[in-house]
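Undergrad: Before we start, here is the structure in question, set down as structure tokens.
The values are calculated or read from the model by the stated rules, or taken from the named source; none is laboratory data. The model shown is predicted, which means the values in this text are computed figures rather than measured ones. No Cβ is skipped: glycine too gets one built from the backbone with ideal geometry, and neighbour counts run over all protein chains shown.
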Amino acid sequence: MSIRLSSFRYLPKTADGWETPKLDFGALFTVLEGPNGSGKTPIMEGIYLALGHELELPPAITEHCSAAQLVLLAGNRPVTLTRYLDSTFRCEIEDEEGKRFIAQAEYARWFTKLLGGESRTVTNKQDKAAELYANVVIPAFAVDQDHGWNTDYYVPRGRDFIKNQRQEVIRFLMGIQPRHPFRTRTDYDEAKEAADKADRAVDLQRYIVDRLRTNGDLRDDEEPALLTRRAQLQAELNANSQTIEAIRDLTSFVERDIARLEAERDGLRSTASGLSRQKGQLSLVLSELDGEIEILGANVDATEILRHFCGRTECALFANSAQSYGRSLLYLKDQMKDLRTSADELGRSEATVEEKITLLEQAIAQKNADRDSRVAASPQAQLMAKLDALTKEVVAIELRLASLHQYVAERAKFEKLLDRRTQAHEAVEALKPKGVRGDIGSVEEVRQQLAESMQHWLQALRTQNVTTAGFDEDFVVQIDGRKFASDTHHSGSTRARIVLSFHAALLEVALTRGGNHPGWLLLDAPQQHELSQDDFESYAERLKMLADRYPGRVQVVFSVANRKLQIEVTDEIWVPEYMNEKGEPRFLGPVLRPTQ
């Protein structure tokens with residue numbers, strides 16, 4: 001269903017307020033023609049406002065006008081939008097269902113449906129739900145004179161609140177899935193989280209299995225051979241059990257002596273450690289007391305010096321202090337003497353204990369030597385080396401088998417985790433919402449179509465200094481392989497051509513794909529961005545060709561100071577019909593005071 005712009009007007013606030021006459025849109029072109037300062041931009045902004053955009057009008061407009069009213073034709077039925085110029089969003093819709101006021105969020109859903117698209121909730125930059133409000137969609141087909149000619153999509157910083165907002169708007173106009181659809185936590189989210197956990201568990205378990213295999217140089221088929229060899233060794237050790245028992249009997253009493261001596265030695269080591277701690281504590285106390293004695297000695301010396309101030313030998317000015325310092329000094333010195341005595345005793349005790357430990361270690365060494373000599377002199381000595389080797393091999397085999405068993409257990413766990421991961425991903429696929437499914441093919445196709453279309457529009461505008469135009473994976477315009485932005489090097493004339501080509505390409509590709517573009521280009525073009533007559537006529541001629549391909553789907557509204565376009569009889573020219581006090585033409589004026 002086509003949506004056509006039918007008429008626009010400003011409504012007066014009071015009986016002596018300002019208004020415009022009913023301004024009818026042309027079938028293809030609508031031209032606002034008037035000198036600079038005549039009010040072309042407030043008319044363009046009024047159209048944007050009536051469509052749901054957020055703009056700040058000049059105070060004179062809000063002071064004298066109550067609303068901006070736009071009539072659309074949805075198919076053949078009229079829809080009247082009355083946007084009141086209040087500080088808060090207030091819009092009245094009148095259609096076949098009657099009149100009703102709706103809030104901004106409700107209007108966003110209504111506006112989306114009007115353009116033919118399904119209501120879509122995307123994700124804002126705080127990961128919460130957000131609507132595609134009209135004020136974020138309109139800049140994709142409307143250019144304002146202050147910022148629109150510097151970049152291809154402009155919204156104020158406070159209104160850039162959606163993740164990849166520019167891309168989301170383009171995707172909506174092209175009719176492809178959103179980049180970041182918002183979803184509340186559902187079974188799908190829980191399944192996705194479980195699948196992520198399963199992936200991490202598999203990765204960790206794979207690492208464990210690989211490390212066990214690599215570090216142990218393990219083979220899957222070696223366990224039977226190890227079990228056979230272990231049985232052989234145990235049989236041989238059992239066959240020599242009498243020899244082992246005889247050796248144990250021969251050395252048992254020596255082993256008991258060794259154990260007793262080692263226990264005694266360990267007890268003495270504990271005692272030595274305790275004595276060493278006590279010596280350390282006493283040393284710390286003695287160090288602190290040395291400091292106190294130095295201070296008291298200095299105080300005594302000071303009182304002797306100060307006593308000379310009296311000039312008399314019997315002077316008692318500092319007698320009390322001297323006596324106090326003297327008593328304290330004597331007391332501390334007595335303490336020091338006692339503590340040093342204790343420290344000396346601790347040192348002697350520690351030395352005695354260390355001597356006993358040394359003697360015990362010598363006794364233990366002698367006992368070990370006796371035991372070894374007894375074994376060497378026994379008839380079973382020749383078998384000892386062999387039995388030791390057999391025992392060591394048994395231990396090595398047991399360790400190898402333990403590593404194999406651990407590897408087998410971990411590998412079995414890994415296989416179970418692989419099965420769980422497969423099931424988790426199958427659950428994700430089964431629960432995946434429709435809106436989440438990939439549309440990579442469609443995205444690539446749209447990017448290619450946009451690039452080709454924009455290249456044609458740049459050629460129609462005879463754009464110099466530009467060789468190629470394209471769109472990256474985020475639908476950002478690339479001019480000669482570099483991102484196009486407000487701070488790139490392009491001149492005002494080249495920049496204007498790029499912006500015009502971008503908006504025309506969005507329109508053309510959306511119409512080709514049956515997207516959600518309304519089919520409008522609303523261009524508030526100030527004097528400095530106007531093009532040469534030949535270039536603008538070439539651009540307009542290509543727009544006519546597009547309109548012929550899609551009858552009733554294309555409308556272009558632009559403002560100029562001096563018209564350069566030859567229009568058809570079905571097009572419209574809006575000119576100012578009011579005069580101010582100085583006789584200057586104006587698009588808005590007092591009620592009942594139009595020029596004759």
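Undergrad: Of the numbered conditions (1) within 33 Å of the chain's Cα centre (by Cα); (2) of a type in the set (K, R); (3) more than 24 Å from N164 (Cβ to Cβ), R497 fails exactly one; give the number of that condition.
TA: R497 satisfies all of (1) within 33 Å of the chain's Cα centre (by Cα); (2) of a type in the set (K, R); (3) more than 24 Å from N164 (Cβ to Cβ) except (1).
Undergrad: Restricting attention to the range 164-193, and to residues there that are at pLDDT below 90 and of a type in the set (A, V, I, L, M), which single residue is nearest to L132 (Cα to Cα)?
TA: I176
Undergrad: (1) over 21 Å from T41 (Cβ atoms); (2) in contact with a strand residue (DSSP E or B) (Cβ under 7 Å, 6 or more places away or on another chain); (3) touching a residue at least 24 places away in the same chain (Cβ under 8 Å): which one isn't true of F101, the others all being true?
TA: It is condition (3) that F101 fails.
Undergrad: OK, next. State the number of residues belonging to the range 67-110 that are buried (at least 16 other Cβ atoms within 10 Å of the Cβ), over 22 Å from E131 (Cβ atoms) and at pLDDT below 90.
TA: Residues in the range 67-110 being buried (at least 16 other Cβ atoms within 10 Å of the Cβ), over 22 Å from E131 (Cβ atoms) and at pLDDT below 90: 0 in total.
Undergrad: Now for a separate question. For A74, state whether it is over 29 Å from G552 (Cβ atoms) and either in contact with a Pro (Cβ under 7 Å, 6 or more places away or on another chain) or among the small types (G, A, S) (or both). Even if it seems obvious, please write down each step before you answer.
TA: Numbers: over 29 Å from G552 (Cβ atoms): no; either in contact with a Pro (Cβ under 7 Å, 6 or more places away or on another chain) or among the small types (G, A, S) (or both): yes.
No; evaluated as a whole, the condition is false for this residue.
Undergrad: Hey, which of the strands (runs of 3 or more DSSP E) in the range 1-111, taking only ones fully inside, have at least 1 residues that are polar (S, T, N, Q)? Quick ask: steps written out before the conclusion?
TA: Numbers: elements: 3-12, 29-33, 65-74, 77-84, 91-95, 98-102.
Correct list: 3-12, 29-33, 65-74, 77-84.
Undergrad: Residues to consider are V466, V509; find the one that is assigned to a helix (DSSP H, G or I), within 40 Å of the chain's Cα centre (by Cα) and either outside the structural domain of I138 (by TED's automatic domain parsing) or among the β-branched types (V, I, T) (or both).
TA: On inspection, the qualifying residue turns out to be V509.
Undergrad: For the range 477-503, which positions are surrounded by fewer than 17 Cβ atoms within 10 Å (Cβ to Cβ) and outside any helix (DSSP H, G or I)?
TA: Matches in the range 477-503: Q478, D480, G481, R482, K483, A485, S486, D487, T488, H489, S491.
Undergrad: Same structure again: Looking at R219 and the list (1) within 30 Å of T512 (Cα to Cα); (2) part of a loop (DSSP other than H, G, I, E, B), which single condition is not satisfied?
TA: (1)
Undergrad: Given the conditions (1) assigned to a loop (DSSP other than H, G, I, E, B); (2) in contact (Cβ under 8 Å) with a residue 40 or more places away in the chain, which single one is not true for S119?
TA: Tallying (1) assigned to a loop (DSSP other than H, G, I, E, B); (2) in contact (Cβ under 8 Å) with a residue 40 or more places away in the chain, S119 fails exactly one: (2).
Undergrad: Is it true that A351 is exposed (fewer than 13 other Cβ atoms within 10 Å of the Cβ), modelled with pLDDT of 65 or more, of a type in the set (A, V, I, L, M, F, W, C) and in the same structural domain as G267 (by TED's automatic domain parsing)? Quick ask: steps written out before the conclusion?
TA: On the way: exposed (fewer than 13 other Cβ atoms within 10 Å of the Cβ): yes; modelled with pLDDT of 65 or more: yes; of a type in the set (A, V, I, L, M, F, W, C): yes; in the same structural domain as G267 (by TED's automatic domain parsing): yes.
For A351, the condition - exposed (fewer than 13 other Cβ atoms within 10 Å of the Cβ), modelled with pLDDT of 65 or more, of a type in the set (A, V, I, L, M, F, W, C) and in the same structural domain as G267 (by TED's automatic domain parsing) - is met.
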